[in-house]
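Trainee: One structure coming up, written as structure tokens, with questions to follow.
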Amino acid sequence: MNPLQQKIYNRFIRYAAVETTSDPASKSIPSTPSQISFAHLLASEMKTVGFQEVEVDEFGIVTGLLPANTDKKAPVIGFLAHMDTVCDYNGNSIRPILHPNYDGGTLTINAEKNMFLSPETAPNLKLCIGDDIVTADGNTLLGGDDKIGIAVIMTLAEHLLAHPEIEHGPIKAAFTIDEEIGTGIGYFDVERFGADFAYTIDGANLGEVDCGNFNADAVTIHITGKSCHPGSAKGFMANPVRIAADIVSSWPEDKLPETTDGEDGFILFKDIEGGLESATLRGIVREHDLAKFEHFKVMLENLAEEKRKKYPAAKIEVKFKEQYRNMREILKDRPRAMELLEEALKENKVEYRLTQARGGTDGSQLSLRGLPTPNLFAGYENPHGPYEWISMNWVEKAFHILESIARNAVK
């Protein structure tokens, strides 16, 4: 491990040791108090490495400014990563394991639990021969998503201050809350942050750049039925449970999460609750293309109308709630963020793929609120579980890409 990788790694293992699991059932902001504690830890370190105007706001979001070191014209660039880890797997007492100079074979995560990684189970390991690989110990997730992103940003600031010959404009950093439950970025003050464009360092594999994402709505279908004794129900009963099941089973098989990939959209029916008086069916609508997205919603409305005719005694209501929209068009209209990013990728000889994320990023919501924010890889893979791993070579590449962006933005 070279000295730069060692610095980033040392930071990461310190950050990973702090439990910051977010909680989707919480009503607090942030959803867990551990995020507030971590925010203040990061704020203190930001001041140490040279950030100015460091703040932890009322929601626990940490921001700071690395001032320009040149009088040349340059945009204000933002670099963001999130503090929380997902609640899907244990995020407490994380103990990263370093596997130096990977030889292309099997990596032991936890022999007692028969947990291993290999190119058969993690094909991208084949790209990492000779790299230092980091895993968890089999009892927790690793937290590379996204504490390795935080470590990269912090180390970059320290590096730029130690090398004043690298001219750069103003750089804003932000470490955000509750990304894993999709709520934290809603409390981010875009205007106060004051960047012209930004980057989330929260992607996975080397070369992956998310410059688009799903359009997304939540959908709720409420069904009010007519109940009576089942022995005399003929011609009278309208069973909401049956109607909900009929709606789910009638949706096209080729427009479900389990039958789609790439840029194909879907509707996911997530849960049904209720009984003979009423039932509620909840789901999500996802599609990259906005016209197809709106057509999906019309299809679902038409399906509900079909069931109204089939079950005239029932009342069926369909309501959509906007969640986020595809940032692709915003990035096309304001292209400077992507121009600098692609220039940096080429400069660092990274083969890259401009991908449409099958989900949302903090950047998608920020873009739609006026801050164009593509998502750059951070160097981890298999997040949200015990088989998560990091290539320190991939992490170093992310570091150098951010450095190139900062340097090349100066005119």
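The values are calculated or read from the model by the stated rules, or taken from the named source; none is laboratory data. All of these numbers come straight from a predicted model, not from anything done at the bench. Positions of Cβ are generated from backbone atoms using ideal geometry, with glycine treated the same way; all protein chains shown enter the neighbour counts. Areas reflect the complete protein model, heavy atoms only, side chains present, ligands, DNA and RNA absent. Shrake-Rupley method; radii C 1.70, N 1.55, O 1.52, S 1.80 Å.
Trainee: Given only helices, namely DSSP H runs of n ≥ 4 each adding -39500 (n - 2.57), what is the per-residue ellipticity at 222 nm of the chain, to the nearest 500 deg cm²/dmol?
Mentor: Computed mean residue ellipticity for the chain: -10000 deg cm²/dmol.
Trainee: Rounded to the nearest whole Å³, what is the per residue volume of the convex hull around the Cα atoms of segment 319-411?
Mentor: Cα-based convex hull of segment 319-411, divided per residue, equals 120 Å³.
Trainee: Which three semi-axes in whole Å describe the equivalent ellipsoid of segment 198-281, each the square root of 5 times a Cα gyration tensor eigenvalue, listed largest first?
Mentor: Output for segment 198-281: semi-axes of 41, 13, 9 Å.
Trainee: Want the number for K411 to S232: 0.36 nm per residue separation, take away the alpha-carbon distance, what's left?
Mentor: Extra length available between K411 and S232 comes to 56.3 nm.
Trainee: How many percent of DSSP beta bridges within segment 81-221 run antiparallel, rounded to 5?
Mentor: 75 percent
Trainee: Report the charge-dipole magnitude of the chain in Debye, nearest 20, computed about the Cα centre from +1 at each Lys and Arg Cβ and -1 at each Asp and Glu Cβ.
Mentor: That gives the chain a dipole magnitude of about 1000 debye.
Trainee: Which value, in Å² rounded to 10, gives the accessible area of H40 with a 1.4 Å probe and all protein chains present?
Mentor: Roughly 100 Å² of H40 is accessible to a 1.4 Å probe.
Trainee: Below 8 Å between Cα atoms, with a sequence gap of 6+, how large is the relative contact order for segment 184-311 in percent?
Mentor: Worked out over segment 184-311, it gives 27 percent.
Trainee: Now for a different question. What fraction of the DSSP beta bridges in the chain is antiparallel, stated in percent and rounded to the nearest 5?
Mentor: Looking only at bridges with both residues in the chain, the antiparallel portion is about 70 percent.
Trainee: Can you pull the one-decimal nm distance between simple spin-label points at K319 and N90, each 7 Å off the Cα toward Cβ?
Mentor: Inter-label distance under the simple model: 4.1 nm.
Trainee: Using the charge dipole of the chain (Lys, Arg: +1 at Cβ; Asp, Glu: -1 at Cβ; taken about the Cα centre), state which of G265, C228, I109 has its Cα farthest towards the positive end.
Mentor: Of G265, C228, I109, it is C228.
Trainee: Using the heavy atoms of the protein chains alone and a 1.4 angstrom probe, what is the accessible area of the chain per residue in square angstrom?
Mentor: That works out to 44 Å² for each residue.
Trainee: Also, I was wondering about something else. In whole Å, how far is the Cα centre of segment 127-166 from that of segment 53-74?
Mentor: 21 Å
Trainee: Normalising by the residue count of the chain, find the relative contact order in percent from Cα pairs under 8 Å and 6+ residues apart.
Mentor: 23 percent
Trainee: Say R0 is 35 Å: what FRET efficiency, to the nearest 0.05, do T224 and H295 get from their beta-carbon distance?
Mentor: About 0.80, to the nearest 0.05.
Trainee: Distance check, please: which entries in K27/K321; K172/K292; K172/K297; K321/K346 exceed 29 angstrom between their Cα atoms?
Mentor: K172/K292; K172/K297; K321/K346
Trainee: If I model a spin label at E305 and K73 as a point 7 Å from the Cα along the Cα→Cβ vector, what separation in nanometres do I get?
Mentor: Spacing of the two 7 Å Cα→Cβ label points: 5.4 nm.
Trainee: What angle, in degrees between 0 and 90 and rounded to the nearest 10, separates the Cα long axis of helix 33-49 from the longest principal axis of the Cα atoms of the chain?
Mentor: So the helix axis and the longest Cα principal axis differ by about 20 degrees.
Trainee: What is the helix-to-structure angle for 3-16, meaning the angle in degrees between its Cα long axis and the longest Cα principal axis of the chain, kept from 0 to 90 and rounded to the nearest 10?
Mentor: Helix 3-16 and the main axis of the chain meet at about 40 degrees.
Trainee: Report the charge-dipole magnitude of segment 297-369 in Debye, nearest 20, computed about the Cα centre from +1 at each Lys and Arg Cβ and -1 at each Asp and Glu Cβ.
Mentor: Roughly 500 debye, rounded to the nearest 20.
Trainee: Percent relative contact order of segment 304-411, based on C-alpha pairs within less than 8 angstrom and at least six residues apart?
Mentor: About 26 percent, as a whole number.
Trainee: Once P(r) over Cα pairs in 10 Å bins from 0, in percent is worked out from the coordinates, which option in (i) 5, 22, 33, 26, 11, 3, 0, 0; (ii) 4, 16, 18, 11, 7, 7, 10, 12, 9, 5, 1, 0, 0; (iii) 5, 20, 28, 23, 13, 7, 3, 1, 0 does it equal?
Mentor: Only one listed value fits the structure, namely (iii).
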